[in-house]
Amino acid sequence: MGILIQVHSFLRWIVLILLLTAIIKSLNGMMTKRAYAASDNKISLFLLISTHTQLLAGIVLYFISPFVMFNAGTMKNNVSRFFTMEHSVMMLIAVALITIGHVSRKKAATDAAKFKKAFWFFLIAFLVIFAAIPWPFMQVAKDAVIGWF
Ligand code: HEM
Ligand code: HEM
């Protein structure tokens, strides 16, 4: 379980950096009206793969983590409520947003529409992921002893 948590914890940075890169590139594309490039496609695909890997690791962790439980105390305990409900549900929504963004961007007819789809789906996903990460300054991370990596 230790190595899986380390992978899941480190991958957050890859996902966040790729998300930010995709958001900035899309904004740049919208503003300069440039053509949708191979590098835009690549970033979106790398983002999708790292996010799906994170999803897979998260689902496995959900079954083996001591923080995930289903009993009368689940909602009363800060840490178990966070990982059983808040973190997992919000991250599932974010993964869906990235997947829909990636696919609808691919299907969009014009380059301008591709940048617009990517920008909005990825921006909202970024905000959801940022809010659902157990950052070390949050009480839940202090209680569960979770660091930056
Ligand atoms: C629980 C595990 C996973 C689920 C539920 C899942 C689900 C999905 C879904 C719904 C799509 C969109 C299909 C579409 O409409 O085009 C997709 C595409 C994809 N996923 Fe996953 N996935 C999972 C794990 C993974 C993993 C572990 C990887 C790679 C390491 C991965 C790589 C990809 C790739 C490369 C695509 C296609 C992207 C494209 O068409 O451009 N997925 N997956
Ligand atoms: C982009 C998506 C995600 C990100 C960025 C993310 C990030 C994180 C981070 C930073 C931690 C703390 C790791 C540590 O202890 O250092 C964590 C823990 C955890 N995550 Fe995620 N996560 C994502 C998706 C998911 C999903 C979809 C699920 C389940 C369906 C999930 C389930 C868990 C569980 C159960 C833990 C607690 C593991 C433990 O310490 O026992 N995560 N996640």
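The values are calculated or read from the model by the stated rules, or taken from the named source; none is laboratory data. Every value quoted in this text rests on a predicted model; they were computed, and no experiment measured them. Cβ atoms come from the backbone with ideal geometry, glycine included; neighbour counts cover every protein chain shown. Areas reflect the complete protein model, heavy atoms only, side chains present, ligands, DNA and RNA absent. Shrake-Rupley method; radii C 1.70, N 1.55, O 1.52, S 1.80 Å.
Averaged over residues, the count of other Cβ atoms within 10 Å places the peptides 70-79, 11-20 in the sequence 11-20, 70-79, highest first. Under the combined filter of DSSP loop state and at most 15 neighbouring Cβ atoms within 10 Å, the range 14-58 retains these trypsin sites (Lys or Arg not before Pro): 33, 34. Relative to the dominant Cα principal axis of the chain, helix 2-32 is inclined by about 30°. With a cut-off of 19 Å on the backbone N, the residues of the range 24-60 near the modelled label site 7 Å out from residue 70 along Cα-Cβ are 58-60. Annotation for residue 92 and residue 52: the two label points, set 7 Å from Cα along the Cα-Cβ direction, are 1.9 nm apart. Counting only DSSP H runs of at least 4 residues, each contributing -39500 (n - 2.57), and dividing by the residue count of the chain, the helix-based mean residue ellipticity at 222 nm comes to -25500 deg cm²/dmol.
If you roll a 1.4 Å probe over the heavy atoms of the protein chains, what accessible area per residue do you get for the chain, in Å²?
I get 57 Å² per residue for this part.
The angle between the Cα long axis of helix 87-107 and the main principal axis of the chain comes to about 20°, on a 0 to 90 degree scale.
In straight-distance terms, cross-link reach from residue 42 covers every one of the lysines whose alpha-carbon lies under 24 Å from its own, apart from those fewer than eight places away in the same chain; here that gives 25, 33, 106, 107, 114, 116, 117.
Using the Cβ-Cβ distance between residue 27 and residue 103 with R0 set to 25 Å, the FRET efficiency works out to roughly 0.75.
Assuming charge only on the beta carbon of Lys and Arg (+1) and of Asp and Glu (-1), the dipole of the range 22-105 about its Cα centre is about 260 debye to the nearest 20. Excluding same-chain neighbours fewer than eight residues apart, the lysines reachable from residue 76 by a Cα-Cα span under 25 Å are 142.
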